[in-house]
Each structure stands twice: as C-alpha cells, then as structure tokens.
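Participant: Structure in structure tokens, see below.
What follows draws every value from the coordinates through simple rules; no lab data is involved. Computed from a predicted structure; not experimentally measured. Glycine also receives a Cβ, built like all others from the backbone with ideal geometry; neighbour counts cover every protein chain displayed.
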Amino acid sequence: MKKSTSKAKASVAIAALPSTEELKNSIIKHLHGSLGTDVNKASPQAWWRATCAAVNEYVYDGLRNTQRTHYLQNTRAVHYFSLEYLMGRLFSNNLHNIGVYDAAKVALAELGLNIADLEDQEEDMALGNGGLGRLAACFIDSMATLNFPAIGYGIHYEHGLFKQEFSDGRQIERPDSWREYGNPWEICRPESIQEISVYGYVETTYDLQGKMKKVWHPGRIIKGVPWDIPVVGYQGSSVNVLRLWESRASDFFNWDVFNSGGYIDAARQNIEAETISKVLYPNDETDAGKELRLIQQYFFCSCSLKDIIRRYKRANGDDWSKFPQQVAIQLNDTHPAVAIPELMRILVDRADMGWDDAWNICQHVFAYTNHTLLPEALEKWSVRLFEKVLPRHLEIIYEINRRFLVEQVDVLWPGDNDKKRKLSIIEESHEPMVRMGHLSVVGSFRVNGVAQIHSELVKSDLFPEMVALWPDKFTNVTNGVTPRRWLKACNPRLAKLLDETIGDEWPRDLKQLEKFAAFADDPAIQDAFMAIKQQNKADLATVVKKLTNISIDPHAIFDVQIKRLHEYKRQHLNLLHILALYRRILQNPDYDMVPRVFLFGAKAAPGYKLAKEIIYAINKVAEKINNDKRVKNRLKVVFMPNYRVTLAEKMIPAADVSEQISTAGKEASGTGNMKLALNGAITVGTLDGANIEIAEEVGPDNISIFGLTVDEVKALQAKGYHSWDYYYQDTEIKAILDWLETDYFTPGKPGELSAIKRSLLEGGDPYLVLADFQSYVKAQEKVESWYRDQSGWAKKAILNTALMGKFTSDRSIEDYVERVWKLDACKISQD
Ligand code: 9GP
C-alpha cells in the first residue's frame, strides 16, 4: 500500500496529510471516542460521522493556521453577503480538496466499507434555490483555493429548499430537515453571538450643543448565533469560513417579559425570533414580498456587519480610517442591500461619524452583483413595511436618496423631474416602494453583471442613467463553476483520463484542459472518452430505475435539462419538441430517429402555478410515451424527482445533450450550461447568457445554436408579437397544442394539460416559445445528425471538455479580485 504522507507545499494550510493507516486508526478512534460505538455494531451513519471527525482533524488544523495567518498579517478580506448557499454534500468535496479521497477510500475498504455508501449518509445542504446559491458555493471554494482572505455570510436555515415528490405527476413539497441529527461539518461559536433590533420607533433628540440626534427605540431584540462551516481550498490551500447565523430570542428581552409574568408571551416571542432562520424562501427569481423575508435580510446583514466591525476593531481600535482598506463587502443580488443603510446607521448613530465621512466609507466598501433582469425579481419593499420593521433605516434611505437626487441627478440633468422620478430610490406609486436595485447601485463602488451580454443589458436596459452618472462603476464578471466538484469529484473516470493524458494540474488551472484538444482526433482517446460516457450513462440508468422505475437504454442520446422550472427557461419548449417527435412516430411507424431519452430535473416555486402545470404536463406525457409500444423505445421521458446538487452530480457526467434554451436576454448567465459542457455534453442553446461565451470558446461546429437573438427578440416585441399566427400557420404547432387539450395524456380528463396552450395563445406567449419552435427543432435535428457519426461526436464532446477552461470559478474570482475587490492572496503559514 502506498502511504500518502506527503508534506504540505508552501502556502498550504494543512501541515501533513494522513497515510491510509493513520486515517483508519483515526476513524476507529472517533468511532469509539466521539460516537461511543464499536466496529461490530456501528451503523453506516456512525461510520460516516467517524470519518468526518477524522477528516476534521485536518480541516481544523488548516482552519487554525489560516485564521492565525490572516490575523497576524491583518489582511484585507472580502465578505460575501448572500442569502443563499447551495452547498450540496461536503464529504467527498472535503476529502478531494484536502487530498485524502483515495486514502480514505482504501482505509474504509480495509474496514469493510464502501465509500459511496458513506457518501449517501449525508443530506444535501440545500440552503439555496438554484444558480445564485450554487454560484456562491463555487465562489467560496475558489476563494479558499486561491488563498484569498474571504468569509461567506448567510443564514443558518433550519429547513433548506423543500424536498420534491410527485403524486400522480404533480409536485408535492415536503420539508427539508438537513441537520435534524446535527451536521458534522459545522461549529457553533457562541462566543461570537450578536444581537440585532427590529421594529420600534425613532426619537429625535438634541444634545447640549443643539446637535440633532436620532435615537431608535427598537421593539424587539433578536440574537444571532453563528455557525461556522470550514471551506477547504483545493490541495489544502486556505481553509476559510462560511458563517451562517441562526436566530434566537434575546435572553435579556425574554427574561424581561418572563419576569413580568408573561410566560406565554415569552414563549411566543421565542418562537417568533426563531422563525427568522426557520426556512429558506423557495421563490426563485421572484420577489417574495413578505415581512419575514425583509427581517431575514436585515438579520443576517446586521449580524454580519457587527461581526466584521468586531474583528476590525480588534486589529485597528476605533480608528475607522482603514475600514475601506480592510473590508470589501460583495452583495449577492439585492437581497443583502439593507446592509448599506445599516452600515450608515452604525457609523452615524453609533460611532457619531458625520454623514459625509460615513457615506464615503460605505461607497468604498460595498459592491453589488446583479443576477437578473426579470422585473419581478428586482426587489422592492413597501415604504409602509420598511417603516414598521426598520424605521431608522427608512429615514437613512430617504436621506441617501435626497442627497443623491440633489447632488448627482439634478447636477447632470438640472430640473428634469422625469429623471428624478426614474432614478429615485423611492418609487412614487400608489403604494410607495423602496427600490433595492437603485439603492444597491447608489451605495456601491462597483456593479457587475454575470456574463458579457447580461452586463451590457444591465447598462443599456436596467440602469442607463446610472451609467451616465458613473460610467466606471459598471463592469462584467462572467460566472464560473468549480472544476473540483463539477469534474474531478463527480466524474472520476473522466478526471482519471485527463490526469493520464494531460497531467493532474487542471483542477487548479483549468486552462490546462486545452492540451486535451490535441487528442480530439485520436481514435484511442475518442474510444476511451466515449466508453467513460457510456459507463456514466449506465450508472445514471440505474439511478433512474431506482428513483422512477423507468428503464432507459444507455445507448440512446441522453438529453438533459436541469434547472429551476421557469417559463423563461422554457422547459415547455422542450416538451413541445418531444410531442412533435412522438407525433411523427405515430404518423410514421418507421420514423427513423436515434433513440433519445429526455431527462428533466427541476423544482417549481410552490406558488408558481404555471410552472407546476408544466411539471405535471411533462410527467403525464412521459407516462404515455414510456408505455406506448408503438414508440419502440425510440423515445423515453424522465422527470427526476427532487433535483438537487447530489442528483446533478449524477446527471451531468452522463449527459450527451445540454438544453440551454431560454429566451434570449432572459437568462443572466446560467452555470449548468458550463458544468454540462465541461463534462462533454453538446449544448443546444440560444444566444443567451453565458451560452454566447461558451459558443465563442468551443466554436460553431461544437454547439447547436438556434432561435432569436436579443436584438431580434426586442424587434419582434416592438413590432408586436402574435403567437396565434404561429398556431394557425404551422400545422405541427397547431396539432401539438390541440393534442394537449384532449384527454389523450390524461384519460377521462380533457383539458387537464391546457394551461400551457392557454399561456402560449391567450397569454400571448411572453417568452416567444412558438417563435423559436421550428428553429429549435432544426437545432435538434442537427445534433441528431452529429450523433449518427460517433467518431465526429466524440471529437465534438472532447473539444467541449477541452475548451471550457475559461469557465472555472477560479477565473471568476480572479476577475473579481482585479476588477472589484483588489485583494492580495495570502500565503498560509503553519504552526
Ligand atoms: O438566473 C440567474 C442565472 O442565470 C445565473 O447563472 C445565476 C448566478 O449568477 O443567478 C440567477 N439569478 C437568480 O437566481 C436570481 O437573481
């Protein structure tokens, strides 16, 4: 047995890695000493926990070294404020990143255990909805890997994203209790508890010199308890922290009520306080518009700011002048925008700083990432609600706005009231609203979109006047994904082939993949690549059978669409294409097509009716097609239940075709598109989000592009789009939509699937599904013709993997560092 006793390299936080033997001993030590059980009776859970504990010995070593080095060097750090982190499982990720996965696999095997069974013991940490939350998870991985001092801040939700089940094809939501029995990766830090205030009223007072002072008398105080999750950089680089706040009732407040005889009241307030971190809002790309959501946002921002200030003061005392040099705060969408008035409040009301100095600090600390142009996702809070929950903050926002309108807007556009109305942070509608997007732009020194085209649209369509005011404020950082999780860990067969052909540096330097392009025509590599895909597909077929009882043929094309369910993502366009193929097969029993399995994975926001109808329709169509003997297995349709990170890790390595079919201009970037192409899937996609940049990288021969461009979409909508014309002029479209209205797919219940037709016709087809339909069908035919030539396909797939180097989240983070954060990497020294 090869002993892995490798000593750490420079800037590696973990001093020495364990050998297989040492790991084995440590696992048994923890089984006895931490779990209180024994080898002969330990459950898989106990083994998993003991292994986590053994690994944590090294993780904590790295954590200590990282924190000590950052403290001693008083480093500038970035603080990533995000309401969502879609972490998935941490077991294999941490093992891979530390570099002990293989040793642990052997150690466990020698103990009679299969590492994959242990991996299955872990619940997904699903503290996010979709792309935005998963991006945050990739980013903290990259920041640690690249040795950037960084902390992720968020909420320690008791329940993450709901679990999805299907009942007769309909989505049912079940609570997700990811840490019901504790989570071995987190550390509670009661020594860093913070208290925050909400509700109440503001009193105006004057000191002896006649200076006005605002005093906020809060109505409630809530305690924030921090839980730290170590974020292990690849190959034992820095071990950073993700700090998540759990809400509890303040002891002080509680005792007060309790002592005055209000036991029931105290208990109720306890429950109310704990409700704040109870659940993640399951809305994706929609404004939840709930009081609790605003309190969640404020709760985690306030706790995090106080935590940052505590750390800053420990190193710098009361001298605020260095604050902007030491602290950068990245706002992940507008969700944490309330941090801007909160920092102003702390500086002006608590630290007695003048407004101008305080504002100057804010404007050098905050940066804002916009992740969407969808109007329904641009948060607005009613002034009424703000006043109730955060009365002092509303006053501060008014003052920020007043100065902005007078000192900036009126100077550039004197007397132009239309401009003022458009740019005001307060929207003067019948119900006045606080525009969090405007607040974020005004209060930040940098604003970025998440793909080139999206960043352009942020400037041209969303904030053109803000660009006129501050042209240098706006920039782009194209998203990326961590290749550690999304290739090395989830596709070990392909990772091994890459190691053997181009060396093993690629997980840390993804541009190395380019070397793999030289093998695209090599028959031996083509065979090896296709054999790996085939094995991955066979593995997925087993998973599909287990989860859905549907048998699929691993030799068919695996065509995958995995993402949240939303009209703009157009899962229903995919469905119309499936129906077109089915209809062709029924009309022509000998219809010649390469067998194809359409695989979906998607959750719909519980309140999003049409999205749920689309899930139902796909499930019903699937049921019919999968059981129709006339199809002769040319078509299969599978909707995987409970799509989540862990399922993505199984689907992505097995995909042949990647569906990225949003209406141009609607998908800000996408990141699933990157993961799938990285694993050798060919994209069928529109010129939207990062698809455009993927097309530039892989070249037109290796991607199947279709549909209207952003400009064409705008032109069509300006001219007037009439979806009925497509219905009447295209017999295939008409037949399919009419088919959905019959009871063919829902025997005895005609009209059950008619919601899609209604939205496409009476509803005006807001996402231009019918306009893009025929172009989509052609793009699919092109892909099919490519697949018929297996060697040609292998070449395209290899080139997809080889040319995706740009899309590592390491590159995104380096772009943030250069364009926004101006951070230095910090070499970690050991004890
Ligand atoms: O919809 C975008 C998606 O395109 C992008 O890849 C992701 C990460 O930047 O953010 C999504 N936006 C949201 O989830 C809400 O703004």
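Participant: If r is the Cβ-Cβ distance from residue 199 to residue 509 and R0 is 35 Å, what FRET efficiency results, to the nearest 0.05? Please list the in-between numbers first.
Facilitator: Values: r = 51 Å, r/R0 = 1.47.
Efficiency at R0 = 35 Å is approximately 0.10.
Participant: Give the order of 412, 373, 575 when sorted by the count of other beta carbons within 10 angstrom, beginning with the fewest.
Facilitator: Ascending Cβ contact count within 10 Å gives the list 412, 373, 575.
Participant: Okay, next question. Test of understanding: what is the full-extension gain from residue 166 to residue 739, defined as 0.36 nm times their sequence separation minus their Cα-Cα distance?
Facilitator: Working: separation 573, 0.36 × 573 = 206.28 nm, distance 2.33 nm.
Using 0.36 nm per residue and subtracting the Cα-Cα distance, I get 203.9 nm.
Participant: Given 0.36 nm per residue, what is the gain on full extension from residue 472 to residue 701 after removing their alpha carbon distance, in nm?
Facilitator: On the way: separation 229, 0.36 × 229 = 82.44 nm, distance 3.66 nm.
Answer, rounded to one decimal: 78.8 nm.
Participant: About its Cα centre, what dipole magnitude does the stretch 727-814 give when the only charges are +1 on Lys and Arg Cβ and -1 on Asp and Glu Cβ, stated in debye to the nearest 20? Before the final figure, lay out the partial values.
Facilitator: On the way: 11 positive and 14 negative charges, 90 e Å.
Value, rounded to 20: 420 debye.
Participant: Where both residues lie in the chain, what percent of DSSP beta bridges are antiparallel, nearest 5?
Facilitator: On the way: 38 of 84 bridges.
If I count the DSSP bridges inside the chain, around 45 percent turn out antiparallel.
Participant: Dipole of the chain (Lys/Arg Cβ +1, Asp/Glu Cβ -1, origin at the Cα centre): which of 245, 385, 495 lies farthest to the positive side?
Facilitator: So the residue furthest toward the plus end is 495.
Participant: Right, another one. Taking R0 as 30 Å, what's the FRET efficiency between residue 711 and residue 410 from their Cβ-Cβ distance, rounded to 0.05?
Facilitator: Details: r = 34 Å, r/R0 = 1.13.
Efficiency for this residue pair is about 0.30.
Participant: Moving to a separate point now. Using label points projected 7 Å from each Cα along Cα→Cβ, tell me how many nm separate residue 275 and residue 356, to one decimal.
Facilitator: Each label point is offset 7 Å from its Cα along the Cβ direction, giving 4.5 nm.
Participant: Rounded to the nearest 0.05, what FRET efficiency is calculated for residue 110 and residue 829 with R0 set to 51 Å and r the Cβ-Cβ distance? Walk me through the numbers on the way to the answer.
Facilitator: Values: r = 34 Å, r/R0 = 0.67.
E between residue 110 and residue 829, to the nearest 0.05, is 0.90.
Participant: A further question follows. What ranking do 23, 35 get, fewest neighbouring Cβ atoms within 10 angstrom at the top?
Facilitator: With the fewest neighbours first, 23, 35 line up as 35, 23.
Participant: Quick check on the chain: helices-only [θ] at 222 nm, where DSSP H runs of length 4 and up contribute -39,500 (n - 2.57) each and the sum goes over total residues. Nearest 500, please. Don't skip to the answer; put the middle values down first.
Facilitator: Details: 32 runs with 370 residues, N = 831.
Value at 222 nm, helices only, nearest 500: -13500 deg cm²/dmol.
Participant: Treating only the Cβ of Lys, Arg, Asp and Glu as charged (+1, +1, -1, -1), what charge dipole size does the stretch 512-807 show about its Cα centre? Round to the nearest 20 debye.
Facilitator: 1000
Participant: Hey, another quick one. Order of 314-322, 674-682 by packing, highest average Cβ count within 10 Å first? Don't skip to the answer; put the middle values down first.
Facilitator: On the way: 314-322: 11.3, 674-682: 28.3.
Highest to lowest by the protection proxy: 674-682, 314-322.
Participant: How many nm separate the modelled label positions at residue 315 and residue 524, each set 7 Å beyond the Cα in the direction of the Cβ?
Facilitator: About 5.2 nm separates the two model spin labels.
Participant: Another one. Starting from the amide H of residue 635, placed 1.01 Å from N in the peptide plane, find each other amide H under 5 Å away whose residue is 5 or more places distant or on another chain.
Facilitator: It is 596, by chain and number.
Participant: Let me ask something else. Placing +1 on the Cβ of each Lys and Arg and -1 on the Cβ of each Asp and Glu in the chain, which of 330, 705, 429 has its Cα farthest towards the positive end of the resulting dipole?
Facilitator: Of the options given, the answer is 330.
Participant: Work out how much length residue 45 to residue 173 would gain on full extension: take 0.36 nm times their residue separation and subtract the Cα-Cα distance, in nm to one decimal.
Facilitator: Working: separation 128, 0.36 × 128 = 46.08 nm, distance 2.57 nm.
Contour length minus Cα-Cα distance gives 43.5 nm.
Participant: Between the stretch 784-831 and the stretch 424-502, how far is it from one alpha carbon centroid to the other, in angstrom?
Facilitator: Their Cα centres are 17 Å away from one another.
Participant: Once you sort the root eigenvalues of the Cα gyration tensor of the chain as a ≥ b ≥ c, which label holds: rounded (a/c under 1.5), prolate (a/b larger than b/c) or oblate (the other case)? Show your work: numbers first, answer last.
Facilitator: Working: a/c = 1.65, a/b = 1.21, b/c = 1.36.
Oblate is the answer for the chain, as a/c is 1.5 or above yet b/c matches or exceeds a/b.
Participant: Got a sec? How would 646, 20, 205, 742 order by Cβ neighbour count within 10 Å, fewest to most?
Facilitator: Details: 646 17, 20 22, 205 9, 742 14.
If I rank by nearby Cβ atoms, fewest first, I get 205, 742, 646, 20.
Participant: With charges set only on the Cβ (+1 for Lys and Arg, -1 for Asp and Glu), what does the dipole of the chain come to about its Cα centre, in debye to the nearest 20? Intermediate values should be presented prior to the final figure.
Facilitator: Numbers: 101 positive and 110 negative charges, 192 e Å.
For the chain, the charge dipole is close to 920 debye.
Participant: Taking the stretch 512-807 as the region of interest, what is the percent of Cα-Cα pairs per 5 angstrom bin, listed from the shortest bin to the one with the maximum distance?
Facilitator: Percent of pairs per bin, in order: 1, 5, 12, 17, 19, 18, 14, 8, 4, 2, 0, 0.
Participant: Compare the Cα positions of 463, 298, 40 along the charge dipole of the chain (+1 at Cβ of Lys, Arg; -1 at Cβ of Asp, Glu; about the Cα centre) and return the one farthest towards the positive end.
Facilitator: Of 463, 298, 40, it is 40.
Participant: Still on this structure, please answer the following. Over 20 Å between C-alpha atoms is what I'm after, so list which of 632/778; 511/822; 545/624; 569/612; 569/675 land there. Before the final figure, lay out each step's value.
Facilitator: Values: 632/778 23 Å; 511/822 23 Å; 545/624 17 Å; 569/612 14 Å; 569/675 17 Å.
In this structure, 632/778; 511/822 lie more than 20 Å apart at Cα.
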